[in-house]
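Asker: Please find one structure pasted underneath; my questions will follow.
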Amino acid sequence: MAARGAFWESGLMMVQKFVRSPDALALIAFGCLLMFPFFGGDFYIQLVTKIMILSIFAMSLNLLVGFTGLVSLGHATFYGLGAYALVFSSPQYDPPNFWLTLPVSMLAAGAAALIIGTFVLRTSGVYFIMVTLAFAQMVYYIFHDGKFSGGSDGVYIYAKPELRLFGFDLLNLEKTFNFYIMALVAMALCYGALRVMLHSLFGRTLLGIRTNERRMLSLGYATFRYKLVSFVIAGAFAGLSGYLSAAQFGFVNPSFLGWHQSAQVLMMVILGGMGTLPGAILGTFSLVLLQEFLSELTKHWLLLMGGIIILAVIKLPHGLAGGFTALFSTRERTLTKTAASTRERTSAT
């Protein structure tokens, strides 16, 4: 009996360890999102699609803030450039080619990140924050005041991208369900790519730079190059998110480039938990769903939302993901103590 009890206790502890791991949580979340369209209406499917697209945006910023130690207030620049790149590379009335316009958007955002990063990464701390904000405002006013971009009114995209291969339609993105699936796959691929990268030597080096850049310099690492590569990758993924947002709503205006867009995605990262990929996704879902709920509840919803976020930051300094990790750790310690006391009673008997 004692051996059987110990077997079940060890099995339960293994299950808890698996469920606590970020990959298991991500897999469970992916399965739930995959089943969601079969139960949700069109409005909620479009809402979750929007959240998944913003999750890509949040993960890209988390690469800078949580893993490289670079707090940027100009990350929306690359989000907006990815959206505008879709506009400029699309025919006026015909559906744009997905396989052509998507790489163009990511390359445009990545190239802009390379140029901007070459300058801003020569600063650090609060100066880095201010310089990224300054560059973001420069780009914002170029598009806000330029006739080529539609000015403050923005521009429309009259058809969603066409996903064709060898003359066959793989997925009709005009359908809400199909666009949802495409956004889900894009989010999953971004998560997988970032996870593999962050568990490589490159990712470990970024963590070392975040912890102590001077020590990494003394060990011979070219920290500027590592930070620049991280900045470019984050910009390219932000461009992907902007591309998908523009394709979903069929409209782009300078607000895509605004500093408030950068501040909002930074809030998602902080709320979910910096330095964790699931935290970025969790923070995005929490913030957007909170906005939707409170805006329906009262017209003073911004006041309530600000209070909730302040309370969350105070009570959960490591974000929602950190709170869940601490909860699982507490339960595991309790289970371990209970199992130890049970074995002691059994042996005494």
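The values are calculated or read from the model by the stated rules, or taken from the named source; none is laboratory data. In this text the structure is predicted, and so the values were computed from the model without any measurement. Note that each Cβ is placed from the backbone with ideal geometry, even for glycine, and that neighbours are counted across all protein chains shown. SASA here: full protein model, heavy atoms, side chains in, ligands and nucleic acids out. Shrake-Rupley method; radii C 1.70, N 1.55, O 1.52, S 1.80 Å.
Asker: If R0 is 22 Å, what FRET efficiency do you get for Ala134 and His260 from their C-beta distance, rounded to 0.05?
Answerer: 0.90
Asker: Label region 43-85 by shape, choosing from rounded, prolate and oblate, from the square roots a ≥ b ≥ c of the eigenvalues of the Cα gyration tensor; if a/c is under 1.5 it is rounded, and otherwise prolate applies when a/b is larger than b/c, oblate when it is not.
Answerer: Here region 43-85 falls in the oblate category.
Asker: Quickly rank 50-61, 181-192 as a protection proxy: mean count of other C-beta atoms within 10 Å, highest first.
Answerer: 50-61, 181-192
Asker: Specify the angular offset, from 0 to 90 degrees and rounded to the nearest 10, of the alpha carbon long axis of helix 76-88 from the longest principal axis of the alpha carbons in the chain.
Answerer: 50
Asker: Still on this structure: From the P(r) of region 191-313, could you give the percentage of C-alpha pairs in the tail past 20 Å? Numbers along the way, then the final one.
Answerer: Details: 4325 of 7503 pairs.
Here the tail beyond 20 Å accounts for 58 percent of pairs.
Asker: With the calculation restricted to Cα positions, what are the radius of gyration and Dmax of region 20-147 in angstrom?
Answerer: 17.8, 52
Asker: Determine the share of the chain's accessible area contributed by carbon and sulfur atoms, expressed in whole percent, with a 1.4 angstrom probe. Working shown, then result.
Answerer: Details: 12630 of 18490 Å².
Carbon with sulfur: 68 percent of the solvent-accessible area.
Asker: Rounded to the nearest 20 debye, what is the charge dipole size of the chain about its Cα centre when +1 sits on each Lys and Arg Cβ and -1 on each Asp and Glu Cβ? Can you show the working numbers first?
Answerer: On the way: 23 positive and 14 negative charges, 287 e Å.
The dipole of the chain has a size of about 1380 debye.
Asker: Another question, then. Convex hull volume of the Cα atoms in the chain, per residue, in Å³?
Answerer: Value for the chain: 193 Å³ per residue.
Asker: Pick from Gly41, Gly203, Gly250: which is most flexible by mean-square fluctuation in a GNM of the chain where alpha carbon atoms under 10 Å apart are linked?
Answerer: Taking springs between Cα atoms under 10 Å, the residue moving most is Gly41.
Asker: Taking a ≥ b ≥ c as the square roots of the eigenvalues of the Cα gyration tensor of region 79-204, is the shape rounded (a/c under 1.5), prolate (a/b larger than b/c) or oblate? Each step should come with its number before you reach the end.
Answerer: Details: a/c = 2.62, a/b = 1.26, b/c = 2.08.
Since a/c reaches 1.5 but b/c is at least a/b, the shape of region 79-204 is classed as oblate.
Asker: Enter the Cα centre distance for the pair region 39-62 and region 108-144, rounded to the nearest angstrom.
Answerer: Taking the Cα centre of each part, region 39-62 and region 108-144 sit 26 Å apart.
Asker: How big is the gap, in Å, between the Cα center of region 173-237 and the Cα center of region 289-317?
Answerer: Using only Cα atoms to place each centre, the spacing works out to 30 Å.
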